[in-house]
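Following: one structure in structure tokens, then a few remarks.
Nothing in this text is a laboratory measurement; each read-out follows from the coordinates by a stated rule. Bear in mind the structure is a predicted one, so any value in this text is a computation, not a measurement. Neighbour counts are summed over all protein chains in view; Cβ atoms, including those assigned to glycine, are modelled from backbone coordinates with ideal geometry.
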Amino acid sequence: FAAERVQPFKQVFRELYVVTAQEKADGTVSHRYAGQQVNPKQAVALWGGRGWVVNQDEGVRRTFHDAGLSASVTFLGDTFTPAEVEGLTIEGVSFSKRGEWKPLPLVDIPPRIFSEVMRDLDLVVSVAHRGGVDPEASASTVDMRAALLRETCSLLKIDNVRIKQPQVLIDGRLSNYSVHLGSAVTHRQPGGALCLVPVHAQHRGRLFLPFADDDPKTAEVISKVLLLARDEDIKDPTILDQLRSMP
């Protein structure tokens with residue numbers, strides 16, 4: 001710090017992603033980012049810059065030559081092109097031996113490789129989220145969610161939440177967190193992504209929002225913020241396991 005040295009690549013506070021209990025149960029495919037829609041042209045450019053190879057018939061693939069492993073991202077639909085209008089919808093992430101296609105158990109993947117793959121996916125989902133056609137990431141919607149959160153936290157007398165658009169920063173008792181106002185992607189700070197799976201059923205766990213029309217993504221953002229703002233009350237073992245497994 002005193003010498004003002006700059007890291008050649010991010011090492012200190014580098015995000016860490018670990019296999020969750022749900023992924024262990026799923027076996028060979030991670031659905032952590034399933035359903036997330038990204039802008040094809042932007043996503044392909046991001047993947048290409050991080051060593052991924054794009055194949056219109058097979059999805060996106062990155063090979064770790066030293067480890068003899070490959071990671072694959074599949075999408076809903078059979079094929080895609082960077083000119084897709086409706087966006088790419090991520091389906092799953094799997095790993096296999098280089099040159100083979102049989103998926104390997106996620107628990108057998110070296111932690112560093114698993115983390116780097118999920119870090120790449122998190123970047124793509126956060127940066128290339130379909131802001132152009134999806135109002136979730138538009139400036140006006142982000143502003144609305146920020147205002148809604150301020151009012152909600154004020155009403156509930158929650159004082160450990162700060163808004164620094166497009167992120168919401170939460171100073172919890174167990175850790176610190178960030179929630180993206182557009183995509184609802186959640187991170188522990190410093191550390192890795194938290195896999196908080198939203199429930200979109202019609203009448204299950206609905207969050208009452210008195211200030212705005214009902215919107216599942218807005219409800220997801222606010223519910224995650226409220227949950228993490230009172231992280232000492234979390235009882236869900238899958239969330240607690242993630243918090244304990246991160247440094």
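Where both residues lie in region 21-127, what percent of DSSP beta bridges are antiparallel, nearest 5?
Around 100 percent of the beta bridges assigned by DSSP in region 21-127 are antiparallel ones.
Net charge near D241, counting Lys/Arg +1 and Asp/Glu -1 over other residues with Cβ under 15 Å of its Cβ?
Neighbourhood net charge equals +1.
Where the only charges are on Cβ atoms (+1 Lys, Arg; -1 Asp, Glu), what is the dipole of region 21-127 about its Cα centre, to the nearest 20 debye? Display every interim value, and only then the final one.
Numbers: 11 positive and 14 negative charges, 69 e Å.
Roughly 340 debye, rounded to the nearest 20.
I'd like to compare 106-112, 89-95: which one has the highest average count of other Cβ atoms within 10 Å, and what's the full order after that?
Going from most to least packed, we get 89-95, 106-112.
Taking θ = phi - 60°, what integer Hz values does the Karplus form 6.51 cos²θ - 1.76 cosθ + 1.60 yield along region 59-76, in sequence order, with x for Gly and Pro?
x, 10, 9, 10, 10, 9, 5, 4, 8, x, 10, 10, 10, 10, 10, 10, 10, 5
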